[in-house]
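Chemist: Here it is: the structure, laid out below.
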Amino acid sequence: MGLSHPSGMGSPGRGENGTPRDAPRDAPRDTSNDTPGAPPRKVSIALTLRQTWHIARPFWYSSERGRALMLLAAAVGLNLGIVALAVKINSINSGLFDALQNYDASGFIKNLMWFGGIAAIYIGFAMYRYYLQQLLAIRWRRWLSHYYLDRYLTRRAYYHMQLGGRTADNPDQRLADDAHQFVGYFLSLTLGTIDSVVTLFSFLVVLWQLSGALTLDLSGIGVATSLVIPGYLVYVAVIYAGFGTWATIALGRPLVALNFHQQRLEADLRFGLIRLREAAEQIALLRGEAQENHGLRQRIAHILEVAWLMARRRKLLILLTSGYGQVASIFPLVVVAPRFFERTIGLGAMMQTVGAFNQVQSALSYMVDVYPNFADFQAVTLRLIGFEQTINAQAALPTQAALPAQADMPAQASFPTQAEMPRRKLHHYYDNRIGVETDQLQIFTPQGAAILPPINLALALGDSLLITGRSGLGKSSLLRCLAGIWPYAAGRITTPDSEQMVFLPQKPYLPIGSLRAVLCYPHPPEAFPSGHIEEIMHACGLAAWCDQLEVERNWASILSLGECQRIGLARVLLSKPQLALLDEATASLDFDSEATLYRALRLYVPGITVLSVGHHASLPEFHQRTLNLEDLRSRPSPANISLNPSL
């Protein structure tokens, strides 16, 4: 009789926020290759431990360190208490079985009462160990989630990750699932390992004392003396557990790569389903159901292919672990039984020895029991390391652009080559006294090809410039560079600061929430008075929606694209910035509505500088000058564009 000695580790839990002091800049090498379709290479346990510490270290050096260490120390202390109680229970088992063998009813009842009292304490310790572990997991998960969110959103890493080059797949999954699982697996495996080590050394002493000595007669092989092995059951347990651990790792190693692939493919399927929902109208109009069905079925087929490989591998692993466990339940009895039949030990001592052997063997076989979870943990760690490396790679982008070779441009262009101009960086300055100025600004693709020749812009506050040209010339890239989100450029930019600058794309982003929150975004809903918001709505042709200001909906799926563009211009009128960058921001509006909005822009924000990209024939009327980018590409020297006649 006895209580099982649970590891007490729950499912992956959640953690907490605190500001990290010094987050490490360089992560250990990501062996996953972290590109779609590339399996992780063979990962050693030593590398996994280094990567694990790299991810865990910021939390344990953050402002949460004090409370986290107290919770961890309390959980470890309860672990030690549970092991001590397990040793005591093992001793009580000896008395119980001795009382049964001797027909001693009073001795049996006495030991049973002892067992009941210790069992109650044991249960309380186990319950609070789990509770404290979950408290620690909740604090850590919250901290880790906030830590990665901050890094993901800082310096627009979330945007730069999509522009090109090596990127982490499905960053949403890594933020939502992998961070959560990492915390749970880390605490489960760490506390489980501590539990196993303490259990091992506690019961090794008991087993050594109980097992006695094994005498081997060597006369049959011509040796006159006998071989005496003290504490022989300890050696038997080590050999048995060592074989099981080696076999489990050998069979289960491929699960790391398979788990990595499965998580990525599952996330790809979720992303495809989300895309289907977001583009429901376009798909319905194009009658694209069959193609969408085919694409989603392919993703499901890939998931099932990996699931089949995992099932086959887990089948072999279960065959090993189940057989190992069944043999382990009877193996100590077989080993100890000869001493019992020789009447050198009683029933109680035999059962105590069997219990101690099981505890030692179980502690030594910890890897056998948790290897599937360890394989999952390795895959999660690889994904988080890849995510960190991708974020780190984006951090240097704004200062990494260099002038490419002349061969990157069309033959008729004669831009400065890398040999003719020194390697330069992009410098973005802020000055609220001017509209826009650039000096030798050259823009590239993420792959390094030059898009435009060097441009010198000089726009004062209140100036307006229309940029035209066929698609693919770099109109949108130029505006994005001026807005500070396109890092592939060289030269100097001077604009008003980011609080005084607004960028409007062709399809504005509308968050889920009230219409008031949509109109005020990115400012809080209470940033502007209701009367002023309604006045702006009337000016932008949105009067029909004034009674819906407090209604919360997914407005992006309700409003037409033209109405979304009206909301974009309404945001400009509300926030009154010094610089507006309009990237075909009125392309879905008729000419009269477009004219109304541009006049409202000048009426409500009279000193605003406007750079527009568009193709409507009516747009030049609302701008002081028109710049066709096709004309720039044939110029051998930097283009100077100024609305000041003296320049």
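Chemist: Starting from the range 267-283, take each residue that is closer than 21 Å to Asp177 by Cβ and list its partners that are surrounded by 13 or more Cβ atoms within 10 Å (Cβ to Cβ) and of a type in the set (Lys, Arg), counting only C-beta distances under 6 angstrom and pairs at least six apart or across chains.
Modeler: Hits for this filter: Asp268/Arg299; Leu269/Arg299; Gly272/Arg299.
Chemist: Restricting to the range 279-304, count the residues that are surrounded by 13 or more Cβ atoms within 10 Å (Cβ to Cβ), of a type outside the set (Val, Ile, Thr) and under 23 Å from Asn554 (Cα atoms).
Modeler: 1
Chemist: Out of everything in the range 103-137 that is open to solvent by 100 Å² or more (accessible area, probe 1.4 Å) and assigned to a helix (DSSP H, G or I), what residue ends up being nearest to Phe186 (Cα to Cα)? Quick ask: steps written out before the conclusion?
Modeler: First, the residues of the range 103-137 that are open to solvent by 100 Å² or more (accessible area, probe 1.4 Å): 103, 110, 113-114, 123, 127-128, 130-131.
In the following step, the residues that additionally are assigned to a helix (DSSP H, G or I) were identified as 110, 113-114, 123, 127-128, 130-131.
Working: Lys110: 42, Met113: 38, Trp114: 36, Ile123: 24, Met127: 19, Tyr128: 19, Tyr130: 14, Tyr131: 16 Å.
Among residues in the range 103-137 that are open to solvent by 100 Å² or more (accessible area, probe 1.4 Å) and assigned to a helix (DSSP H, G or I), the one nearest to Phe186 (Cα to Cα) is Tyr130.
Chemist: Could you pull out the residue among Ala450, Ala489, Ala483 that is among the hydrophobic types (A, V, I, L, M, F, W, C) and more than 32 Å from the chain's Cα centre (by Cα)? Lay out the reasoning, then the answer.
Modeler: Details: Ala489 fails: more than 32 Å from the chain's Cα centre (by Cα); Ala483 fails: more than 32 Å from the chain's Cα centre (by Cα).
Exactly one residue qualifies, and that residue is Ala450.
Chemist: Considering only the range 448-461, I want to know if a residue exists there that is modelled with pLDDT of 90 or more, of a type outside the set (Lys, Arg) and on the phi > 0 side of the Ramachandran plot.
Modeler: no
Chemist: Might you check whether a residue that is aromatic (Phe, Trp, Tyr) and either open to solvent by 30 Å² or more (accessible area, probe 1.4 Å) or within 24 Å of Leu574 (Cβ to Cβ) (or both) occurs anywhere in the range 443-465? Before the answer, list the steps.
Modeler: Of all residues in the range 443-465, those aromatic (Phe, Trp, Tyr) come to 444.
Narrowing the set further to residues that are either open to solvent by 30 Å² or more (accessible area, probe 1.4 Å) or within 24 Å of Leu574 (Cβ to Cβ) (or both) leaves none.
Within the range 443-465, not a single residue is aromatic (Phe, Trp, Tyr) and either open to solvent by 30 Å² or more (accessible area, probe 1.4 Å) or within 24 Å of Leu574 (Cβ to Cβ) (or both).
Residues checked against (1) of a type in the set (Gly, Ala, Ser); (2) at pLDDT 80 or above:
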position	(1), (2)
Val183	no, yes
Ser196	yes, yes
Phe201	no, yes
Leu204	no, yes
Ser211	yes, no
Leu216	no, no
Gly222	yes, no
Pro230	no, no
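Chemist: Where the second residue is outside any helix (DSSP H, G or I) and the first is without any contact (Cβ under 8 Å) to a residue 12 or more places away in the chain and lies in the range 310-333, which pairs have Cβ atoms under 9 Å and are six or more apart or on separate chains?
Modeler: These pairs meet every condition: Gly325/Ser365.
Chemist: List pairs: first in the range 525-536 and in contact (Cβ under 8 Å) with a residue 60 or more places away in the chain, second of a type outside the set (S, T, N, Q), Cβ under 7 Å, 6+ apart or cross-chain?
Modeler: Here the result reads Ile536/Ala570; Ile536/Leu573; Ile536/Leu574, each pair linking the range 525-536 to a residue that is of a type outside the set (S, T, N, Q).
Chemist: Exactly one of these conditions fails for Gln162: (1) open to solvent by 50 Å² or more (accessible area, probe 1.4 Å); (2) in a helix (DSSP H, G or I). Give me its number.
Modeler: (2)
Chemist: Mind counting the residues in the range 528-555 that are among the hydrophobic types (A, V, I, L, M, F, W, C) and open to solvent by 50 Å² or more (accessible area, probe 1.4 Å)? Talk me through it step by step, then tell me what you get.
Modeler: The initial filter retains those residues of the range 528-555 that are among the hydrophobic types (A, V, I, L, M, F, W, C), namely 528, 533, 536-537, 539-540, 542-546, 549, 551, 555.
In the following step, the residues that additionally are open to solvent by 50 Å² or more (accessible area, probe 1.4 Å) were identified as 544-545.
Summing the residues that are among the hydrophobic types (A, V, I, L, M, F, W, C) and open to solvent by 50 Å² or more (accessible area, probe 1.4 Å) in the range 528-555 gives 2.
Chemist: Go through (1) more than 19 Å from Ala570 (Cα to Cα); (2) touching a strand residue (DSSP E or B) at 6+ places or on another chain (Cβ under 8 Å); (3) open to solvent by less than 30 Å² (accessible area, probe 1.4 Å); (4) not polar (S, T, N, Q) one by one and return the number of the condition Leu473 breaks.
Modeler: The failed condition is (2).
Chemist: With Leu78, Leu100, Leu69, Leu96 as the choices, which residue is within 17 Å of Tyr130 (Cα to Cα) and crowded, with 16+ Cβ neighbours inside 10 Å? Give the steps one after another, and end with the answer.
Modeler: On the way: Leu100 fails: within 17 Å of Tyr130 (Cα to Cα); Leu69 fails: crowded, with 16+ Cβ neighbours inside 10 Å; Leu96 fails: within 17 Å of Tyr130 (Cα to Cα).
Result: Leu78 is the single residue among Leu78, Leu100, Leu69, Leu96 that is within 17 Å of Tyr130 (Cα to Cα) and crowded, with 16+ Cβ neighbours inside 10 Å.
Chemist: Which residue pairs have Cβ atoms closer than 9 Å, lie 6 or more positions apart in sequence or on different chains, and pair a first residue in the range 236-250 that is without any contact (Cβ under 8 Å) to a residue 12 or more places away in the chain with a second residue that is assigned to a helix (DSSP H, G or I) and open to solvent by less than 30 Å² (accessible area, probe 1.4 Å)?
Modeler: Within 9 Å, the pairs are Phe243/Tyr324.
Chemist: Let me ask you something else. Restricting attention to the range 244-268, and to residues there that are under 17 Å from the mean Cα position of the chain (by Cα) and of a type in the set (A, V, I, L, M, F, W, C), which single residue is surrounded by the fewest Cβ atoms within 10 Å (Cβ to Cβ)? Even if it seems obvious, please write down each step before you answer.
Modeler: At the first step, the residues of the range 244-268 found to be under 17 Å from the mean Cα position of the chain (by Cα) are 259-268.
Restricting the remaining residues to those that are of a type in the set (A, V, I, L, M, F, W, C) gives 260, 265, 267.
Values: Phe260: 25, Leu265: 22, Ala267: 20.
Among residues in the range 244-268 that are under 17 Å from the mean Cα position of the chain (by Cα) and of a type in the set (A, V, I, L, M, F, W, C), the one surrounded by the fewest Cβ atoms within 10 Å (Cβ to Cβ) is Ala267.
Chemist: Which of the residues that make up the range 493-512 are farther than 25 Å from Leu559 by Cβ and of a type in the set (Val, Ile, Thr)?
Modeler: Ile493, Thr494, Thr495
Chemist: Then there is this: With respect to Phe357, determine if the residue is in contact with a helix residue (DSSP H, G or I) (Cβ under 6 Å, 6 or more places away or on another chain), free of Cβ contacts under 8 Å to residues at least 40 places away in the same chain and in a helix (DSSP H, G or I). Outline the logic, then answer.
Modeler: Working: in contact with a helix residue (DSSP H, G or I) (Cβ under 6 Å, 6 or more places away or on another chain): yes; free of Cβ contacts under 8 Å to residues at least 40 places away in the same chain: no; in a helix (DSSP H, G or I): yes.
Against the criterion (in contact with a helix residue (DSSP H, G or I) (Cβ under 6 Å, 6 or more places away or on another chain), free of Cβ contacts under 8 Å to residues at least 40 places away in the same chain and in a helix (DSSP H, G or I)), Phe357 does not qualify.
The values are calculated or read from the model by the stated rules, or taken from the named source; none is laboratory data. The structure displayed is predicted, hence computed values, not measured ones. Because the Cβ atoms are built from the backbone with ideal geometry, glycine has one as well, and the counts that use them run over all protein chains shown. Just the protein is used for accessible areas: all its heavy atoms, side chains included, with ligands, DNA and RNA removed. Shrake-Rupley method; radii C 1.70, N 1.55, O 1.52, S 1.80 Å.
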